[in-house]
1. Look through region 104-117, keep the residues that are open to solvent by 100 Å² or more (accessible area, probe 1.4 Å), under 25 Å from the mean Cα position of the chain (by Cα) and not hydrophobic (A, V, I, L, M, F, W, C), and return whichever of them is modelled with the highest pLDDT.
2. Taking the residues in region 61-92 that are in contact with a helix residue (DSSP H, G or I) (Cβ under 6 Å, 6 or more places away or on another chain), of a type outside the set (S, T, N, Q) and under 29 Å from C51 (Cα atoms) as candidates, determine which candidate is most open to solvent (accessible area, probe 1.4 Å).
3. How about region 93-117: which of its residues are farther than 17 Å from M55 by Cβ and either polar (S, T, N, Q) or in contact (Cβ under 8 Å) with a residue 12 or more places away in the chain (or both)?
4. Is one or more of the residues making up region 93-103 open to solvent by 100 Å² or more (accessible area, probe 1.4 Å), part of a helix (DSSP H, G or I) and touching a helix residue (DSSP H, G or I) at 6+ places or on another chain (Cβ under 6 Å)?
Amino acid sequence: MAGAISGIGVSRKRNHLSFRILTGRTLIDSLRAKRARLPVRIAPRNVGDSCGCAMGARFLAVALVVASAWYAWYWHSFMLSIWAIVLRVLGWSLLASIVGKIVGILAFRFHQRKSSA
């Protein structure tokens, strides 16, 4: 049984070595060579987001999570009803999405100016 297991290990090593002998490089070297041939394009994540919708959606998602966690943790301290908490969470989320939209628009304009200069 031990010989069979060691035989499997040897055959894997031989396959790896035979691949290296045939091609002159390992699989990792091959992947690095393919990656080096890819065109390098460094661009902002939301290059086409001129209206700021994607950034607004990110801000909205973060605000929903943070505000919900905050009011869930401290709801006894505020002595608010569940409807008051829901309205506050929605209010903070709306405010955050508006701020995110403005930040997205400004970031798009900044990247446009930077790329045209």
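The values are calculated or read from the model by the stated rules, or taken from the named source; none is laboratory data. Because the structure is a prediction, the values reported are computed rather than measured. Please note: Cβ atoms are built from the backbone with ideal geometry, for glycine as well, and neighbour counts cover all protein chains shown. These accessible areas exclude ligands, DNA and RNA; they are computed on the full protein's heavy atoms, side chains included. Shrake-Rupley method; radii C 1.70, N 1.55, O 1.52, S 1.80 Å.
1. The first filter runs over region 104-117 and keeps only residues open to solvent by 100 Å² or more (accessible area, probe 1.4 Å), leaving 106, 109-110, 113-114, 117.
From what is left, the residues that are under 25 Å from the mean Cα position of the chain (by Cα) are 106, 109-110, 114.
Subsequent filtering for residues that are not hydrophobic (A, V, I, L, M, F, W, C) retains 109, 114.
Numbers: R109: 89, K114: 80.
Of everything passing the filter in region 104-117, R109 is modelled with the highest pLDDT.
2. Looking at residues that are in contact with a helix residue (DSSP H, G or I) (Cβ under 6 Å, 6 or more places away or on another chain), of a type outside the set (S, T, N, Q) and under 29 Å from C51 (Cα atoms), I get W92.
3. Hits for region 93-117 are S115, S116.
4. Applying the first criterion (open to solvent by 100 Å² or more (accessible area, probe 1.4 Å)) to region 93-103 yields 94.
Right, trim to part of a helix (DSSP H, G or I) and you get 94.
Those left that are additionally touching a helix residue (DSSP H, G or I) at 6+ places or on another chain (Cβ under 6 Å): none.
Checked region 93-103: no residue is open to solvent by 100 Å² or more (accessible area, probe 1.4 Å), part of a helix (DSSP H, G or I) and touching a helix residue (DSSP H, G or I) at 6+ places or on another chain (Cβ under 6 Å).
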